[in-house]
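Please treat every number below as a calculation from the coordinates, not as lab data. From a predicted model like this one, the values you see are computed outputs, not experimental measurements. Because the Cβ atoms are built from the backbone with ideal geometry, glycine has one as well, and the counts that use them run over all protein chains shown.
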Amino acid sequence: MVEKAKKIWLDGELVNWDDANVHVLTHTLHYGLGVFEGLRCYECVDGRSEVFRLEEHVVRLFDSAKISQLKIPYTQAEISQAIIDTIKVNDLRSCYIRPLIFVGDGPMGLYVEEYPIRATIAVWPWGAYLGEDGLKNGIRAKVSSYTRHHINITMTKAKVCGHYVNSMLAKKEVKSCGYDEAIMLDPSGYVAEATGANIFVIRNGVINTPPVTTVLAGITRDSVIQIAKDKGYSISEKTFARDELYLADEVFLTGSAAEITPVREIDDRMIGEGKTGSITKDIQDTFFNVVKGADKKYESWLTYV
Ligand code: PMP
């Protein structure tokens, strides 16, 4: 269970947490066509709170909706403001934020001419997604037998509710084998991403991440690319195969929930020295300084609450 906050924003109103309910015939519940975001609000070193890359997340929400032909009945500015209002009303210094655009109840069946579009924003306190120990010392991952989406089966640039069935199958599969997270290959067999995070590999000081063809264009991924470039690391977006994971000196995952999580083992092969690598640690330290407002260079990424 997540830790309850006080209020949830639902269709323009702030309602009590326990009253934010929907009808069982809610269309998205049946067919999975809804779009969502996941972002974080961090408590800063000066005591203020900031939402990390708010604008980029709201733009991606609207992009996902456009791809899915869902017309959001609010402007981007209204959704951004609603996110800020929801954090404020809940008195949270730091939290996870979940905006969701969904099709409400009324019509059933796959073809609906006019969807009743509904919107909600929930916030709750959420610690390290893959555990505090994972964030510090690295996690154990396994390549899943489930393939990541084909680009012409689902639209991989969209963060659509139903896409996550694939992620959940992969996650359940590897968790039941005792691993922390699944790595998924694309339909051609190249490394794609984790179930809810992008992946980076480092060998001989060179950082690589798969291009955004088959993976979600992660906003943390983009932040890491910029931070790594600014630090003078050699970084590129390139396709690579599974065995390059095994030969990497360092591997890490990025995501708004996962933040920057090192991977210390993949498919029972130790990655590098089996602990957080020095480049990963350097980028991770900078990332946490940035989100806590301690690195003014990236101040434009922060929206103070
Ligand atoms: N890939 C997938 C499938 C995801 O669900 C996420 C989380 N949104 C990411 C990558 C990372 O994206 P971001 O850094 O924008 O959270």
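Quick notes on this one:
- Dmax and Rg, reported as Rg then Dmax, of region 60-151 (C-alpha, Å): 17.9, 51
- Kirkwood analysis of the Cα pair distances in region 99-188 returns a hydrodynamic radius of 16.1 Å.
- A full extension of the chain between D11 and H23 corresponds to an added length of 2.9 nm, given 0.36 nm per residue minus the alpha carbon distance.
- Each residue, E132 and A294, gets one label point 7 Å from its Cα in the Cβ direction; the gap between the two is 1.7 nm.
- Note on Y164 and S236: the model spin-label points, each 7 Å out from Cα along the C-beta direction, lie 3.5 nm apart.
- Relative to the current alpha-carbon distance between R269 and V2, full extension at 0.36 nm per residue lengthens the span by 92.8 nm.
- For the set K231/K292; K175/K275; K157/K238; K7/K157, the pairs lying more than 26 angstrom apart at their alpha carbons are K7/K157.
- At full extension, H30 and N152 could sit 41.7 nm farther apart than now, given 0.36 nm per residue minus the alpha carbon distance.
- Stokes-Einstein diffusion coefficient of region 132-291, Kirkwood radius over Cα pairs, 10 °C, 1.306 mPa s, in µm²/s: 103
- Residue-averaged 222 nm ellipticity for the chain, from DSSP H runs of 4+ at -39500 (n - 2.57), nearest 500: -8000 deg cm²/dmol
- Magnitude of the charge dipole, the chain, Cβ model with Lys/Arg +1 and Asp/Glu -1, debye to 20: 240
- Cβ-derived FRET efficiency at R0 45 Å, N204 paired with D85, nearest 0.05: 0.40
- Volume per residue of the convex hull around the Cα atoms, evaluated for the chain, comes out as 129 Å³.
- Spin-label pair R48/Y74, simplified geometry with 7 Å Cα→Cβ offset, distance in nm: 2.3
- Directionally averaged shadow of region 29-186, computed from the convex hull of its alpha-carbon atoms, nm²: 11.3
- Alpha carbon centroid spacing (whole Å) that separates region 224-294 from region 67-146: 25
- Positive-end residue of S234, I101, P211, charge dipole of the chain with Cβ unit charges: S234
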